[in-house]
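> Structure provided below as structure tokens; questions to follow.
The values are calculated or read from the model by the stated rules, or taken from the named source; none is laboratory data. A quick note: this is a predicted structure, and the numbers were derived from the prediction, not measured. All Cβ positions, glycine included, derive from the backbone under ideal geometry; neighbour counts span all protein chains shown. Note: areas computed on protein heavy atoms with side chains; ligands, DNA, RNA excluded. Shrake-Rupley method; radii C 1.70, N 1.55, O 1.52, S 1.80 Å.
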Amino acid sequence: MTESNYEGNNSYDEQLKILEAQNSSLNDRLNTIQKVVEDSRFLNDLQERLWLSFDVNLISQVMLQQIQGLIQTEGCAIFLVDEQTYEFVQQTTIPDNYKDYFEIVMRDIVKKGLFALAINQNTFVVENVRNEETEEANTLILLPMNTTNKTIGMVFAITKLKQLEIPNDLILLLFRVVTLSAFAVQSANLYENLNKSKDELEKANLYLEEQVRKRTFELKLAKEAAEQASRYKSEFLANMSHEIRTPLNGIIGMAELLAGTKIDPEQDEYLDAITASGNSLLELINDILDFSKIEAGKVDIEKIEFNLRDILKSVVNTVIFKVAQKGLELICFTPPSSPEMLQGDPARIRQILVNLVGNAIKFTNTGEIILEIEIEDESLEEITLLFSVIDTGIGIPKDKQKDIFEAFTQADGSVTRKYGGTGLGLSVSYKLASLMGGEIKVESPLGEGLNINGEIGTRFYFSLKFQKPMGMDNKKDDFSSIFGDLCALTIAKSKTNINFIGRILLHYGIDSTGVSNGKDIANVLGRLSQSEKKYKIVLIDLKAPGINETTLKEVFTIYKDIMFVSLVQFGNKDELELSEKLGFLHHITKPVNQSDIYNGIINSFYRSRKIKDERIGKQTAKKVCSQEDRKEVNILLVEDNLVNQKLSMRMLQKSGYSVTLAINGLQAIDAISAQKFDLILMDVQMPVMDGFEATRIIRIDESNDNMRIPIVAMTAHALHEDRKRCMDAGMDDYISKPIKIAALLEMIEKWTNVRENDLINITKQNIST
């Protein structure tokens, strides 16, 4: 009984011990959990406090205070890495009198390698140290401040606790406090750097704004200076142009008048030299002025309606004297089907073509020069034309072809001495074409073979796009009612001319054949007369090989039913006299054009009375201008320069016009109030009252009257701005000095409806050059 009770008691005690052990374990776990929770709350609170601040000093203070609260520290310090020197610098120390002590401790642990150990292994280090002043033994705890990718500092804590008295969980808590603080310090540094960068950026912006303001002011001053310089340059160019053109006008004009008088051959030779020199000087002035305007960006491209064939005719009239002097053949061709009216800048197109053709004449000694226009593309609203100028001249080496468009440059320096010129013409033309949307290109077979005629030569070409005027009639004319089944024979020296004439004849529905040698003209006509085609007209170039007076008389005698039309070189009096002597029904002056061929055929039929249809019957003859007709045209000449007064008066009087002279604008106004004038030729730069002011007053006085007198500016000013100024003042047209007789008469005819032409115009059809 007693033994049994004892055994039971023993079992109970063991169970009680087990329960007590389990309870103790549960308490330990509970304490651990509570400790973890408390540590977590502590760390969370600490994190909130740390991350609310962006002040490194404040973060350091909070961290050290937390460390002091966790362990009994004698002192603690933070060493942070200096981002410039990468050295550890003491940041914060508690208490302050421990600063020097921690510097000593720092050097000591660095020597022992403990500093590097803590950083490299990212772990805490606990080390026993002795305070040399108090000779007390203390414990040093090293806690590295590491973030994700770098070490930013080190925490030192000195405590009197023995190393064994510091539990690991407390060390781990300290380590977490330091890590949180490390991230907070890093964030604060980033924030400080951001603010610093922001400040630097603001300072940089302020500096840049100041520099921009300063530079803007300097640019404004420079712009004003440049504009002023440009104005001075424009004024200088205008004055220079006026001062040079005024005496040049007298030289060239008087030379033209003198050429119309009786002079001996020696005097005629001297006169030719004067005229050539004057024209060369004029070309030089024009090139320099144009180049200066282009370089200054003062060139405006107009978009006005113009007649393309009139432009080509003007180009031909400008260069034809030089062509005749060198004995060259000038051939000008426009597709007969091309539109007559276009929208663009006629003055600039003419200038480019005159330059290119003039350049071709300069470098061509024998052969021909071709000015050809082809249709590249066409729609209802637009047309693209290809302009080509082809010569049989000396050619251009391939390595020099790019240089010729540079200012003051020619393909060969020696060429300047031989042929003359400034080297500006092609440069000006190239830039003008670019302003209009085209590009002048060149090809020359020099060194690569010969051209199609077996001669060395050069081709300049460019394309331009034009608008067609609104409402333009593109209807094709039907010429079958006039010419029926007519066929023609062309005999010409140039195969190119034969080809172009054939294309024009085909446009009028006339089938044609061409030969380049007239030696066997009788045999050729004999063969053609036996064919089914009715060859009724023959165009004969009097320069063609085999063509002479004897041959032509024989042919005229045999073929009396055929109409013969001569092709005569411009300015060749011998050819013209031969044509009249042999009795050609009509003569066409080369270079031929579309309207010349049409009118030549019509005139021939009219004079031979071969055509009597309704259309021709309605056509009227054009008035022939006589001296009596011109006397009825009363012109007021307003000019202050004595030489130009004499020159212009003589030009006009010699042409049969009635002229009244006024030496300034005020006299012009008085003259208009005293008598009636059909036209006013107005100089612009005069004393007392200039031409601009006089024109404005005249237009005001005319406002109450239905009559408006045409006023043409006749001035040595040649800039585009001057022309615009004339138009703005109320003038109707503009003629630039030096004035040539032909240009002056053409201008008068334009505004007085008087034409100098001794040919009968059989048709009023709108078929022009």
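> What's the extension gain from A226 to Q211 if we count 0.36 nm per residue and subtract their Cα-Cα distance?
Numbers: separation 15, 0.36 × 15 = 5.40 nm, distance 2.15 nm.
Taking A226 through Q211 to full extension adds about 3.2 nm, to one decimal.
> A follow-up question, please. Top to bottom by accessible area (1.4 Å), largest first, where do K322, K573 land?
Values: K322 80, K573 150 Å².
If we order K322, K573 from most to least accessible, we get K573, K322.
> Compute the distance in nm between two label points, each set 7 Å from the Cα along the Cα-to-Cβ direction, one at K402 and one at K560.
Each label point is offset 7 Å from its Cα along the Cβ direction, giving 6.9 nm.
> Between M727 and T318, what is the FRET efficiency for a Förster distance of 22 Å, r being their Cβ-Cβ separation, to the nearest 0.05? Numbers along the way, then the final one.
Details: r = 23 Å, r/R0 = 1.05.
The calculated FRET efficiency here is 0.40.
> Let me ask something else. Enumerate the calculated ³J(HN,Hα) couplings along segment 183-190 in order (Karplus 6.51 cos²θ - 1.76 cosθ + 1.60, θ = phi - 60°), each rounded to whole Hz, writing x wherever the residue is Gly or Pro.
5, 5, 4, 4, 4, 5, 4, 4
> Starting from the amide H of K590, placed 1.01 Å from N in the peptide plane, find each other amide H under 5 Å away whose residue is 5 or more places distant or on another chain.
It is V568, Q569, F570, by chain and number.
> R527: accessible area at probe 1.4 Å, nearest 10 Å²?
The value for R527 is about 150 Å².
> Further, regarding this structure: What is the gain in length, in nm to one decimal, between L435 and Y12 on full extension, counting 0.36 nm per residue of separation less the C-alpha to C-alpha distance? Each step should come with its number before you reach the end.
Values: separation 423, 0.36 × 423 = 152.28 nm, distance 11.83 nm.
Here the answer is 140.5 nm.
> Further question: Multiply the residue gap between L258 and I304 by 0.36 nm, knock off their C-alpha separation, and tell me the result in nm, one decimal place. Walk me through the numbers on the way to the answer.
Working: separation 46, 0.36 × 46 = 16.56 nm, distance 3.84 nm.
Contour length minus the Cα-Cα distance gives 12.7 nm.
> To continue, here is another question. In sequence order, what are the phi-derived ³J(HN,Hα) couplings for segment 675-689 according to the Karplus relation 6.51 cos²θ - 1.76 cosθ + 1.60 with θ = phi - 60°, rounded to whole Hz, with x for glycine and proline?
Result, ordered by residue: 8, 9, 10, 8, 7, 10, 9, 10, 6, 9, 9, 9, x, 6, 8 Hz.
> Please state the equivalent ellipsoid semi-axes for segment 54-114: what are the square roots of 5 times the Cα gyration tensor eigenvalues, largest first, in whole Å?
Ellipsoid semi-axes (Å, largest first): 20, 17, 10.
> Keeping all protein chains in the complex and leaving out DNA, RNA and ligands, what accessible area do you get for S595 with a 1.4 Å probe, in Å² to the nearest 10?
10 Å²
> Would you mind estimating how fast segment 113-169 diffuses translationally, via Stokes-Einstein at 37 °C and 0.692 mPa s with the Kirkwood radius over Cα pairs, in µm²/s? Show your work: numbers first, answer last.
Numbers: Rh = 12.3 Å.
Result for D is 267 µm²/s.
> Which ³J(HN,Hα) values, rounded to whole Hz and listed in residue order, are derived for segment 324-329 from phi using the Karplus coefficients 6.51, -1.76 and 1.60 in 6.51 cos²θ - 1.76 cosθ + 1.60 with θ = phi - 60°, glycine and proline given as x?
Listing the rounded values in order: 5, 4, 8, x, 8, 9 Hz.
> Turning to a different aspect of this structure: Quickly work out the N97-to-E200 label distance, labels modelled 7 Å from Cα along the C-beta direction, and quote it in nm with one decimal.
With each label placed 7 Å out from Cα toward Cβ, I get 4.2 nm.
> Evaluate the relative contact order of segment 482-528 (contact order divided by residue number), counting alpha-carbon pairs under 8 angstrom at least 6 apart; express in whole percent.
Numbers: 54 pairs, mean separation 20.1, N = 47.
About 43 percent, as a whole number.
> Something else about it: Under Stokes-Einstein, with the Kirkwood radius over Cα pairs standing in for Rh, what whole-number D in µm²/s applies to segment 89-206 at 10 °C and 1.306 mPa s? Can you show the working numbers first?
Numbers: Rh = 16.1 Å.
Calculated translational D: 98 µm²/s.
> Simple spin-label model, 7 Å along Cα-to-Cβ: S703 to N634 in nm?
Between S703 and N634, the label points sit 2.6 nm apart.
> Calculate log10 I(q)/I(0) of segment 651-692 for q = 0.15, 0.22, 0.28, 0.29 Å⁻¹, where I(q) comes from the Debye formula with a single equal point scatterer on each Cα and nothing for solvent.
-0.38, -0.76, -1.04, -1.07
> Hey, with R₀ at 60 Å, roughly what FRET efficiency would K750 and E218 work out to, going by the Cβ-Cβ distance, to 0.05?
Values: r = 52 Å, r/R0 = 0.87.
Approximately 0.70, to the nearest 0.05.
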